[in-house]
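A short worksheet on the structure shown next.
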Amino acid sequence: MKKFLDKDFILETDTAKKLYHEFAADLPIIDYHCHISPKEIADDKQFENMTQIWLYGDHYKWRAMRTNGIKEEGVTGESSSDREKFENWACTVPYTLRNPLYHWTHLELKKPFGIEKILSPDTSEEIWNECNKKLNTPEFSCRSLIRKANVEVIGTTDDPADSLEYHKAIKDSGFETKVVPSWRPDKAMAVDDASEYNAYINKLAIASEMEINTFEDLLSALQKRHDFFAEMGCKASDHGLEQFFAAEYTNDEATEIFAKIHKGEELIESDVLKFKSAMLYEFAVLDHSKGWVQQFHIGAIRNNNTGMFNKLGADTGFDSIADKLVAEDMSKFLNRLATEEKLTKTILYNLNPAHNEVYATMLGNFQDGEIAGKIQWGSGWWFLDQKDGMEKQMNALSNLGLLSRFVGMLTDSRSFLSYSRHEYFRRILCNLIGNDVEKGLIPYNEELLKEIVQGICYYNAKNYFNF
């Protein structure tokens, strides 16, 4: 019986162990997409306790606690202390067996805290005290945690109206990890609610220092902000969408639709689809003009529980996998850009595992030989960023594309303790390849295996994003 979380965790064969320990484990991390706060990095924030750094904003853990019978007050409520919320999490952890949260929790205790105990009600006080003692030292500030994890690049997620003042402060401070903004323009196309959209347009107008009264004004303002993001080191955009938008429209229609919503009129469904299609195209053209990477996270149905959304807001654990068909609109969107020679480097992420082979085969339609792996299928995301989900993604990519050109893992996280997800991914990758070697399915060519493993874990992303 193997010991849980020993040095060979997940690694089943001698070849897998060699690939991980000798070639993958010590590589720097390029975390090219996440949701951590640039302000907290700029301020080099010191968290007071484990709940603040580990549970605040972590809707994965919140969902598990609710499922385990913890009332909302003990999950997110203001009347519950941080200590009580940590205890509620400790009570939940034993029941997360076979959920990736069990692995993540103990990987995050092991690194950076050096704790190898299993979290439970029996160990919670000891772990709480030990972690909090370390968190209150300079060696566990935000920047120190990033250094401990050997993170070379962080790509945050930022709205076009954001000032990026904290990115500038980080750069000016000389912090050795590169922290770059990523362009997330979803709100500029979110015309489902007229009042919310116009409030956002007002913010964008202030940021761009111009009036936005027409569709052309909107595009000009976005161009100005896109240029500013590029000056601040941005190399990528990111779009979090339920689906691709590729409806037929004319520029005159887009102009008229913007005029309607600018006057406060609610749009009919066909106008919403046309306007979102127009904006998604314009965003892609902007990215192509600068050689950025565009990322599309597709397939979440959000805020399913209206009562809890009204109480807690978005990103609080009430989202799930959507089941809309994706192939036709994805193909139309990419094909228009390719036909017009405006298709930049692109990473596609699916949330519905039923779409794995759809995405894996779509890539090959739009590779143009310009660079290796120009169109990428992103690592298992959100509900799929666990061992089974990542293995299925890499197996499908291996069968239908080139795993060797894959840009690998990202945290997509709001936590400074999530860098262990890269270790998790690297162990899973090395186990897949190492097991194939020992089964005689692929030859043992050490130089080739080293090149492929290190490429997927680090070098492919470094070259692809051109950081």
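The values are calculated or read from the model by the stated rules, or taken from the named source; none is laboratory data. Because the structure is a prediction, the values reported are computed rather than measured. With ideal geometry, Cβ positions are generated from the backbone for all residues, glycine too; neighbour counts draw on all protein chains shown. To get the accessible areas, we keep the full protein, side chains included, count just its heavy atoms, and leave off ligands, DNA and RNA. Shrake-Rupley method; radii C 1.70, N 1.55, O 1.52, S 1.80 Å.
Looking at segment 1-73, which trypsin sites (Lys or Arg not before Pro) are in a loop (DSSP not H, G, I, E or B) and have at most 14 other Cβ atoms within 10 Å?
Hits after loop and neighbour filter: Lys2, Lys3, Lys7, Lys71.
Just by accessible area at a 1.4 angstrom probe, what is the order of His239, His262 from largest to smallest?
Sorted descending by solvent-accessible area, the residues read His262, His239.
Quick one: which of 131-142, 346-357 comes out on top by average Cβ neighbours within 10 Å, and what's the full order, highest first?
So the order, starting with the most tightly packed, is 346-357, 131-142.
If you place +1 on the Cβ of every Lys and Arg, -1 on the Cβ of every Asp and Glu, and leave all else neutral, what size is the dipole of the chain about its Cα centre, to the nearest 20 Debye?
1260 debye
In percent, what relative contact order does the chain have, based on Cα pairs under 8 Å that are 6 or more apart in sequence? Mind showing how you got there, number by number?
Values: 733 pairs, mean separation 98.4, N = 467.
Relative CO of the chain lands at 21 percent.
Could you name the lysines in cross-link range of Lys263, using Cα to Cα under 20 Å and dropping any fewer than eight places away on the same chain?
Once the sequence-local lysines are set aside, what remains near Lys263 is Lys187, Lys203, Lys274, Lys276.
Among rounded, prolate and oblate, which fits segment 116-228 when a ≥ b ≥ c are the square roots of the eigenvalues of its C-alpha gyration tensor, a/c under 1.5 means rounded, and a/b larger than b/c means prolate?
Note, shape of segment 116-228 comes out prolate.
So how exposed is Thr361, as accessible area in Å² (1.4 Å probe, rounded to 10)?
Solvent-accessible area, nearest 10 Å²: 70 Å².
According to the square roots a ≥ b ≥ c of the eigenvalues of the Cα gyration tensor, what is the shape class of segment 202-286, taking rounded for a/c under 1.5, prolate for a/b larger than b/c otherwise, and oblate for the remainder?
oblate
Given R₀ = 45 Å, what would the calculated FRET efficiency be for Lys117 paired with Glu248, taking r from the Cβ atoms and rounding to 0.05?
0.15
Grab the DSSP H runs of the chain that are 4 residues or longer, score each as -39,500 (n - 2.57), total them, divide by all residues and round the 222 nm result to the nearest 500 deg cm²/dmol.
Helix contribution divided over all residues of the chain: -14000 deg cm²/dmol.
When every alpha-carbon pair in segment 66-163 is counted, what percent end up more than 18 Å apart?
In whole percent, the long-distance tail amounts to 59.
On a 0 to 90 degree scale, rounded to 10, what angle separates helix 269-290 from the longest Cα axis of the chain?
For helix 269-290, the angle is close to 70 degrees.
Can you compute the equivalent ellipsoid semi-axes for segment 366-421, i.e. the square root of 5 times each eigenvalue of the Cα gyration tensor, sorted largest first and rounded to whole Å?
In descending order the semi-axes read 23, 14, 8 Å.
Measure out, as a whole number of angstrom, how far apart the alpha-carbon centroids of segment 411-467 and segment 229-273 sit.
Rounded to whole Å, the Cα centres lie 37 Å apart.
About its Cα centre, what dipole magnitude does segment 89-197 give when the only charges are +1 on Lys and Arg Cβ and -1 on Asp and Glu Cβ, stated in debye to the nearest 20?
Here the size comes out at about 560 debye.
Setting aside same-chain residues fewer than 8 positions from Lys7, which lysines have a Cα under 19 Å from its Cα?
Cα-Cα hits under 19 Å: Lys17, Lys18, Lys110, Lys111, Lys117, Lys148, Lys387.
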